[in-house]
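Let me begin by presenting the structure, written as structure tokens, before commenting on it.
Values quoted throughout were computed directly from the atomic coordinates according to the rules given, and no laboratory measurement underlies them. This structure is a prediction, so every number in the text was calculated from the model and none was measured. So basically every Cβ, Gly included, is an ideal-geometry build from the backbone, and we count neighbours across all protein chains shown.
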Amino acid sequence: MTTGKLCKRDVITIHRDATIREAARLMRKHHVGCLVITEAKAGRTEPVGILTDRDIVMEVIAEDINLNEVSVGDIMSYALLKVRECDSIIETAQRMRARGVRRVPVVNDEGELIGIIALDDILELLSEELSMLAKLTSREAEQEQKKRA
């Protein structure tokens with residue numbers, strides 16, 4: 001399976017000039033733990049950073065910084081890992097592990113944002129696959145018992 005097939009297409013985005021308060025409210029409204037920061041480039045919406053709820057806590061709240069003194073662009077992660085929609089799930093998981101990230105934007109071949117994939121999405125898929133395999137072994141035993149009866 002490809003990353004493009006598993007990713008969530010409804011990505012909540014924000015601009016780097018937005019306030020931290022706006023970002024937090026957007027996260028709360030949409031029940032998400034991160035926002036993808038985007039910019040328009042050559043008529044496309046491209047991801048340029050990511051902001052997590054943890055970033056807000058660690059960089060602003062824990063440091064007792066006034067929310068009005070910083071913007072999303074001040075604390076967002078610029079070293080953004082992006083994956084292509086044609087990348088395999090395994091390749092994506094390996095890249096996420098190597099970078100130590102839980103969420104990554106998914107882009108098409110032109111670099112335009114088309115979705116987001118999270119570790120939770122991959123874990124859910126793999127747990128379903130493992131469950132199916134576990135059922136296969138018990139089904140095999142049932143078939144063998146029927147054959148011998």
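A few points about this structure:
- Of all residues in region 32-65 being assigned to a helix (DSSP H, G or I) and without any contact (Cβ under 8 Å) to a residue 40 or more places away in the chain, the one that is farthest from LEU113 (Cα to Cα): ILE61
- Number of the exception - ASP55 against (1) under 20 Å from MET96 (Cα atoms); (2) surrounded by fewer than 17 Cβ atoms within 10 Å (Cβ to Cβ); (3) of a type in the set (Asp, Glu): (2)
- Cβ-Cβ under 8 Å pairs, at least 6 apart or on other chains, region 93-116 side free of Cβ contacts under 8 Å to residues at least 60 places away in the same chain, far side surrounded by 19 or more Cβ atoms within 10 Å (Cβ to Cβ) and of a type in the set (Ser, Thr, Tyr): VAL104/THR92
- If you go through region 1-44 and keep only what is among the polar types (S, T, N, Q) and in contact with an Asp or Glu (Cβ under 6 Å, 6 or more places away or on another chain), you end up with just THR3.
- No other residue among VAL106, VAL101 is closer than 29 Å to THR19 by Cα and in contact with a Lys or Arg (Cβ under 8 Å, 6 or more places away or on another chain) apart from VAL106.
- Single match in VAL101, VAL70, VAL107 (criterion: on the phi < 0 side of the Ramachandran plot, in contact with a Pro (Cβ under 8 Å, 6 or more places away or on another chain) and of a type outside the set (Lys, Arg)): VAL107
Per-residue answers, yes or no, for (1) of a type outside the set (Gly, Ala, Ser); (2) more than 16 Å from ILE12 (Cα to Cα); (3) more than 12 Å from the chain's Cα centre (by Cα):
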| residue | (1), (2), (3) |
| --- | --- |
| GLY33 | no, no, no |
| GLY43 | no, yes, yes |
| ASN68 | yes, yes, yes |
| GLU112 | yes, no, yes |
